[in-house]
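The values are calculated or read from the model by the stated rules, or taken from the named source; none is laboratory data. Keep in mind it's a predicted model, so treat the numbers as computed, not measured. Neighbour counts are summed over all protein chains in view; Cβ atoms, including those assigned to glycine, are modelled from backbone coordinates with ideal geometry.
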Amino acid sequence: MKHISILIASFLFSLLFFDKSIGLNLSIFSIITIVFLGFYNLKAFKNQRIRFYTLAYIITAIFVFVQHSGLSIIANCIAFFTLVGAISEQNTSIYVNWLNGMFTTIAAFFYRYISVNGSEEKVDWKKNIDILHLAKLIGIPLVFIIVFVLLYKNGNPVFNDLINTISFDFINFQWVLFTILGYYLFSNISKPVQIEPITSQDKQITDKLYKSEHFSEVQLKKEKQLGTTLLGLLNLLILLYIATDVTYLITTNATTGTELSSQVHNGINTLIASIFIAIVIILYFFRGNLNFYSENKILKNLTYVWIILNVCLIGLIAIKNQNYIALYGLTYKRIGVYVYILLTCVGLITTFLKVLNIKNMVYLFRINTQIAFILLIVFSTINWDHTITKYNLNTAQNFDISYLINLSNRNAVLLYEQKDNIIASHEHKKRIDTKYWSYVEDVVQNEWQEYSYETFVISKKTSKLRN
């Protein structure tokens, strides 16, 4: 039964992906994968985490069809590895799920033949699969058949004509290889495996930080004094920087692209260095027994203040970036600034929680990778090219029309619909027409496996034009 279901899944895999671009096929594959995993690992799906990762995988599959963007495809692939890895072991960190998911997808078939029931004992290959005998069984008869066919061809003209009429053109060897790849993939994920000892070690490590046996009051007092002095001075310095930055924003009216770009980029460079050093310093002082020192209250308060001031610094960079966007429009780099701002805020908040709740470094790594996974899924639900184009056409005071035209075809419909309202040269409008109709032609030629939501939108619009 298992081999039959894997064979069916492998044929569906070839039907969906062989010689096809990504589209509806990846969404259907995600559904098939969930059904397949559920069939062989039904108990695992009773776990709440597995259900959450299944939901995340379904969401990414939906948005592969709706958005059809590279980011949504990446999010779907990572969600796939997360789900497969979580099924192999539910109680591990998400980054261990990724490792187990990738390992299962790539090597589970071979791993199961060199281990026994997940233990480290090696299988006797000769006992389980006699490879030499199998090679003899297939190879020797094949060699002799070929030799005798060649001999008989020379000895009998009728036999020679019969052999020459035999053609294997009806067999698509690339399709066969692709189907074998599908069989290998589904065979791997039918029973997800774990990487050891990484998985077992991760399960044993907790997020809590514990007091070590060597607890020196004298040493901790000195360390506390150093930390208090350092963070106190750094708080004063960042306060002065923020005050001067606010003064600059209020008194200076930067209107040129060069000035605004300089403000944002210089601010980001300052932010990168500042946040990195801030987190390193905090993690250094709160790496061990200083967390349990009774006289660390001032140091902790100074740490909280410094984190809050760094968040204020992030806010100032966000204001500068927004001024730049309002005047010169959205671009991927300016969106990237906001993404970086969000990630740094997350890093500071989780560092704050680490100090507040006395957590270890593993806690930071676990929670930040989980948040990164969620943010990736959220970002993959947005059609960024369409968003950039819509904002620039409707809100921005100035924008680069060439930049919009050079974006992917996911903004082709919007550009074409608003072409008459855009102040642009005849050459640019001609490029918009070319982009749109080239996109329409590509969409119309897509086979059903390559469909996306945009396919139906384009088909509807073109049918109206024809009527």
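Out of Phe45, Phe39, one residue alone is surrounded by fewer than 23 Cβ atoms within 10 Å (Cβ to Cβ), farther than 30 Å from Ile205 by Cα and at pLDDT below 95. It is Phe39. Filtered by the rule that a residue be in contact (Cβ under 8 Å) with a residue 40 or more places away in the chain and assigned to a helix (DSSP H, G or I), region 399-418 gives Tyr403, Arg410, Val413. Within region 50-82, can you find the residues that are closer than 17 Å to Ala372 by Cβ and either in contact with a Leu (Cβ under 7 Å, 6 or more places away or on another chain) or charged (D, E, K, R) (or both)? Of everything in region 50-82, those that are closer than 17 Å to Ala372 by Cβ and either in contact with a Leu (Cβ under 7 Å, 6 or more places away or on another chain) or charged (D, E, K, R) (or both) turn out to be Tyr53, Tyr57, Ala75, Asn76, Ile78.
Restricting to region 245-290, and then to whatever is within 30 Å of Glu213 (Cα to Cα) and not in a helix (DSSP H, G or I), can you tell me which residue is modelled with the highest pLDDT?
Here is the first cut: in region 245-290, the residues within 30 Å of Glu213 (Cα to Cα) are 277-290.
Cutting the leftovers down to not in a helix (DSSP H, G or I) gives us 286-288.
Working: Phe286: 89, Arg287: 86, Gly288: 85.
That would be Phe286.
The residues of region 409-430 that are under 25 Å from Tyr451 (Cα atoms) and surrounded by 15 or more Cβ atoms within 10 Å (Cβ to Cβ), listed by number, are Asn409, Arg410, Asn411, Ala412, Val413, Leu414, Leu415, Tyr416.
Could you run through region 417-453 and say how many residues are in contact with a Lys or Arg (Cβ under 7 Å, 6 or more places away or on another chain) and either aromatic (Phe, Trp, Tyr) or closer than 30 Å to Leu15 by Cβ (or both)?
Quick first cut of region 417-453, residues in contact with a Lys or Arg (Cβ under 7 Å, 6 or more places away or on another chain) only: 419, 429, 432, 447, 449-450.
Add one more test, that the residue is either aromatic (Phe, Trp, Tyr) or closer than 30 Å to Leu15 by Cβ (or both), and what stays is 447, 449-450.
The number of residues fulfilling the criteria is 3.
Inspection of region 124-138 identifies no residue that is modelled with pLDDT of 90 or more and assigned to a loop (DSSP other than H, G, I, E, B).
The set of residues in region 1-16 being surrounded by fewer than 18 Cβ atoms within 10 Å (Cβ to Cβ) and part of a helix (DSSP H, G or I) consists of Lys2, His3, Ile4, Ser5, Leu7, Ile8, Phe11, Leu15. Filtering region 334-366 to residues that are over 23 Å from Cys312 (Cβ atoms) and within 19 Å of the chain's Cα centre (by Cα) leaves Phe365, Arg366. Scanning region 65-94 for residues that are surrounded by fewer than 20 Cβ atoms within 10 Å (Cβ to Cβ), of a type outside the set (A, V, I, L, M, F, W, C) and either more than 15 Å from the chain's Cα centre (by Cα) or modelled with pLDDT of 95 or more (or both) turns up Glu89, Gln90, Asn91. Which is over 30 Å from Lys224 (Cα atoms) and either surrounded by fewer than 19 Cβ atoms within 10 Å (Cβ to Cβ) or assigned by TED's automatic domain parsing to the domain that holds Thr270 (or both), of Asn357, Asn394? From the options Asn357, Asn394, the qualifying one is Asn394.
Matching residues to (1) free of Cβ contacts under 8 Å to residues at least 60 places away in the same chain; (2) part of a helix (DSSP H, G or I); (3) on the phi > 0 side of the Ramachandran plot:
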site: Ile146; (1), (2), (3): yes, yes, no
site: Val149; (1), (2), (3): yes, yes, no
site: Thr179; (1), (2), (3): no, yes, no
site: Ser212; (1), (2), (3): no, no, no
site: Leu226; (1), (2), (3): yes, yes, no
